Amino acid sequence: MGKDECKTMLDALNKVTACYRHLVIALGSTSDSQNLREELKKTRKKAQELAVANRTKLTTLLKDKSISKDDRAEYERLWVLFTSSMELLEVDMKRSLEIGQDFPLKVPTRHLIQTGMTGSTTTVAARAMSVQNMKYEADASIDTVDLKELETEIAQVDQMMEEMEMKVQVAPWAVEAKQEAGAELKSTVSVGNSSVGVISICEEEPKETVEGETGLMKVQ
Amino acid sequence: MTINTLSQDGVQRQQMPCLTKMERMIISMQDPDMGIKLRNQRLLITVIPHAMTGIDIVEWLIKKFSISDEEALHIGQLFVKYGYIYPLKEPRNLILKADDSPYRFQTPYYWMSTRWPASELDYAIYLAKKNIRKQGELIEYEKECYNALHKRINHTWDFVVMQAREQLRASKQRRKADRIVLECQEQAYWLVTRPPPGTLDNIDYGPERRTMNTRVQLNAEFYKKEIEHNRISLARNRVKSSICLESYVKYCEQYQPHDPIMQGCLPSNPWITDDIMFWNMNSEVVAVPTKLRVECWSFSFMELLNDPMGRKEFLTYLEKEFSAENLCFWQACEDVRHGETSKIPEKVDEVYKQFLSPGASRWVNIDSKTMEKTLEGLKHPHRFVLDDAQMHIYFLMKKDSYPRYLKSELYKNLLARAIVPQETKKSVFPFMRRQRHSSPSPALATQTGEDDGKAKNSNSVKSNSGTASRL
């Protein structure tokens, strides 16, 4: 059925958007590295593929005049979810361009911000790409070369969003969410069908919160 | 979809310059040789690097910029206030303490940015994540924000939930130390961007510009216009701050005796003593003006013209010199500029008949070029058609008649005659407070019950001990 397919694709896009944001947050910090830039590039491309697929599917469904009112309401809801996802992606892409330009990797004195994050982001990227392990094959100049590609991709996304606005007439205020406030506290069944092929670290979360920690300072 | 605050091509917000400067300083703090000394933060079993103490920051600033203690502390405070550095011990208290309290740098994505203001969608996702992590135990104001957002962006709420869950799953992929840092960072960012009620907003993004028709084509035409615009901006007249500050100081010195707040006003400040003699003595039509007022006319031509009495005196003087038509013309032009649009054609016509036509009764002397241009414009009269002519006459008066007026007998006599009001005698009993009563206002008339309470409160308001007061 069209709906289930849509939901799966939307879930996938949602997952990639979340991972992409996570990766962009690490840009410019001590977690930044050549690998991160490559991860960003790969995740971004995946996101775009999914975006285009989603858009095609949803526009065909919405253009179909013969669907029932309920169906139409559901597709409009999915459309709003899709556009929200694209919004986040667009902002993150623009920001990654900005930060990527401000923090080039191959300079004599690297001035990455020492934020306390030192681990790698491989697992996040692997989750985004739905693979077990990431393979890195880019060359050293990826931080500058990729930025040019990124610029064109941002222009493409902008254009796509403009077209979407023009072609599909969906009134956001007419859409009602299925979830009520606080729904996230219930079981982790997501709105669509969540994709299962992910790696998750089963580390237990300690009960103590981070704020109010009395840290013993040790001189490095 | 949420309304996009990112504007279309061509109308991008700029990063505020002060923020750019702060960013540069933060980056220079990262220098492996000259930067700040960093330590490890030990949390029970995890060790997180890249922490620094407040005193480290202050000392580094003092050393790097050779500034005083106070100034370094102030700059450090700015860093914390704008979220470039966040405290580890008391995250909600965004101040810099010059002791061994720990701080850490914020990641560039979460830097304060006027180019990328935080959106409601982001905040909603953050609150949803926090909700999940804390199992529903949000702080009061966060709960309110959550509910408000749920109503406002309800159409995309499913997305909020989906994205919140996915973001949490993504962060679970990192190791423990990084996860803690991520949480701290995000929390610090939102404490700065969405401060809890009662704290000041750090930054003013300015009004949002929702220009719907800014979809510009990025073609040659557009770029030509941009180049032209930038070229004109470069050629703009600029004044060195040393020069304009000098004239600013001069202006302040000149006007200080005239400022009622700085210098006090004679006979007395009506707002304090309820005595309106000050206003009466300075009203438009008065037999003898005050000395300050007449002195003010010598400061600039505009001062003279703006005061109705000054204008009248000047007119009298011009009549003696047989050049009164200049001032009349100027006044008529002002009338056209500031008057009703419907009356403009007839007014302009009048002006032409009286002042501009050859053989007019009060012909004004305008140079031929301006006259030609004005006559041309009179064919299609609009509000500003007489501007050039008016400007010409204005400068004529300013350069010629005005200085002579200031040296004339007329002005000097007036200045000699002008009075300096006496300060009202202070009451014999200076500690007697004047009865205050609120002015009769329609609102009060309908609330007779509360009147007594109000009157009692106003009577207890104390006035300045030094001001005059009468029973």
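State which entries of B:LYS224/B:LYS369; B:LYS81/B:LYS130; B:LYS225/B:LYS343; A:LYS106/A:LYS135; B:LYS240/B:LYS412; A:LYS135/B:LYS176 exceed 31 angstrom in Cα-Cα distance in the structure shown.
Violating the 31 Å Cα-Cα cut-off are B:LYS224/B:LYS369; B:LYS225/B:LYS343; B:LYS240/B:LYS412.
Exactly which trypsin sites (Lys or Arg not before Pro) in the range B:19-88 are in a DSSP loop and have at most 12 other Cβ atoms within 10 Å? Display every interim value, and only then the final one.
Numbers: sites: B:LYS21, B:ARG24, B:LYS37, B:ARG39, B:ARG42, B:LYS63, B:LYS64, B:LYS81; in loops: B:LYS37.
Hits after loop and neighbour filter: B:LYS37.
If a/c stays under 1.5 just call it rounded; otherwise compare a/b with b/c (prolate if a/b is bigger, oblate if not). Do that for the range B:229-306, with a ≥ b ≥ c from the square roots of the Cα gyration tensor eigenvalues. Could the numbers behind the result be given before it?
Working: a/c = 2.96, a/b = 2.35, b/c = 1.26.
It comes out prolate by the Cα gyration axes.
Which Cα, out of B:THR114, B:LEU94, B:LEU138, lies furthest along the positive dipole direction of the range B:1-157 (beta carbon charges, K/R +1, D/E -1)?
Sorting the options by dipole projection puts first B:LEU138.
What list do you get for B:ILE227, B:ILE75 if you sort them by fewest beta carbons within 10 Å? Walk me through the intermediate numbers first.
Details: B:ILE227 10, B:ILE75 18.
Going from sparsest to densest Cβ surroundings: B:ILE227, B:ILE75.
Once you treat every alpha carbon in the range A:1-55 as an equal point and sum by Debye, what is log10 I(q)/I(0) at q = 0.27, 0.29 Å⁻¹?
The Cα Debye sum returns log10 ratios of -0.99, -1.07.
With a point put 7 Å past each Cα toward its Cβ, work out how far A:LEU147 is from B:PHE322 in nm, to one decimal.
Calculated label separation equals 7.6 nm.
Tell me the label-point distance for the pair B:GLU346, B:GLN15, using the 7 Å Cα-to-Cβ offset, in nm and rounded to one decimal.
So the label points at B:GLU346 and B:GLN15 sit 6.1 nm apart.
Grab the beta carbon distance between A:ASN133 and A:ARG72, set R0 = 60 Å, and tell me the FRET efficiency rounded to 0.05. Spell out each step's value before the answer.
Details: r = 43 Å, r/R0 = 0.71.
Taking R0 as 60 Å, the efficiency between A:ASN133 and A:ARG72 is 0.90.
Evaluate E = 1/(1 + (r/R0)^6) for B:ASN306 and B:ALA235, where r is the Cβ-Cβ distance and R0 equals 35 Å; express this FRET efficiency to the nearest 0.05.
On the way: r = 33 Å, r/R0 = 0.93.
Efficiency, from the Cβ-Cβ distance: 0.60.
Hey, got a sec? Which chymotrypsin sites (Phe, Trp or Tyr not before Pro) in the range B:76-138 land in a DSSP loop and have at most 11 other Cβ atoms within 10 Å?
Details: sites: B:PHE79, B:TYR82, B:TYR84, B:TYR103, B:PHE105, B:TYR109, B:TYR110, B:TRP111, B:TYR123, B:TYR126; in loops: B:TYR82, B:TYR84, B:TRP111.
Sparse-neighbourhood loop chymotrypsin sites (Phe, Trp or Tyr not before Pro): none present.
Can you tell me the FRET efficiency between B:ILE272 and B:LEU168 if r is taken as the Cβ-Cβ distance and R0 is 51 Å, rounded to the nearest 0.05?
Values: r = 62 Å, r/R0 = 1.22.
My answer for the efficiency is 0.25.
Provide the descending list of Cα extents for the range B:333-392 along its principal axes, expressed in whole angstroms.
Between the extreme Cα coordinates on each principal axis of the range B:333-392 lie 28, 21, 19 Å.
Which order do the peptides A:35-42, B:85-92 come out in when sorted by mean C-beta neighbours inside 10 angstrom, highest first? Walk me through the numbers on the way to the answer.
On the way: A:35-42: 21.6, B:85-92: 18.5.
In descending order of packing, they fall as A:35-42, B:85-92.
Suppose each label sits 7 Å from its Cα in the direction of the beta carbon; what would the B:LYS250-B:ALA416 distance come out to in nanometres?
A separation of 3.0 nm, rounded to one decimal place.
Binning at 10 angstrom from zero up to the longest distance, how are the C-alpha pair distances of the range B:234-355 distributed in percent?
Reading the bins upward from 0: 10, 26, 27, 26, 11, 0.
What do you get for GluC sites (Glu not before Pro) in the range B:300-392 restricted to DSSP loop and a cutoff of at most 14 other Cβ within 10 Å of the site's Cβ?
In loop regions of the range B:300-392 (DSSP not H, G, I, E or B), the sparsely surrounded GluC sites (Glu not before Pro) are B:GLU340.
Over the C-alpha atoms of the range A:1-119, what are the Rg and the largest Cα-to-Cα span, Dmax, in Å?
Every Cα atom of the range A:1-119 included, Rg and Dmax give 18.1, 63 Å.
Mind putting together the pair-distance distribution for the range A:117-176? All Cα pairs, 5 Å bins, whole percent per bin, short to long.
4, 13, 10, 13, 18, 13, 12, 9, 6, 1
Could you tell me the center-to-center distance, by alpha carbons, between the range A:74-145 and the range B:223-254 in angstrom?
Result: 43 Å between the Cα centres.
Going by Cα centres, the range B:74-92 and the range B:130-180 are how many Å apart?
Each part's Cα centre sits 24 Å from the other's.
May I ask for the Kirkwood hydrodynamic radius of the range B:44-191, worked out over all distinct Cα pairs and given in angstroms to one decimal? Can you show the working numbers first?
Numbers: mean 1/r = 0.0587 Å⁻¹.
This gives a value of 17.0 Å.
Hey, can you rank B:49-61, A:19-31 by average C-beta count inside 10 Å, highest first?
Numbers: B:49-61: 20.5, A:19-31: 25.1.
The packing order, highest mean first, is A:19-31, B:49-61.
Values in this text are rule-based calculations from the coordinates and carry no lab data. This structure is a prediction, so every number in the text was calculated from the model and none was measured. A quick note on method: Cβ atoms are made from the backbone with ideal geometry, for glycine too, and the neighbour counts reach across all protein chains shown.
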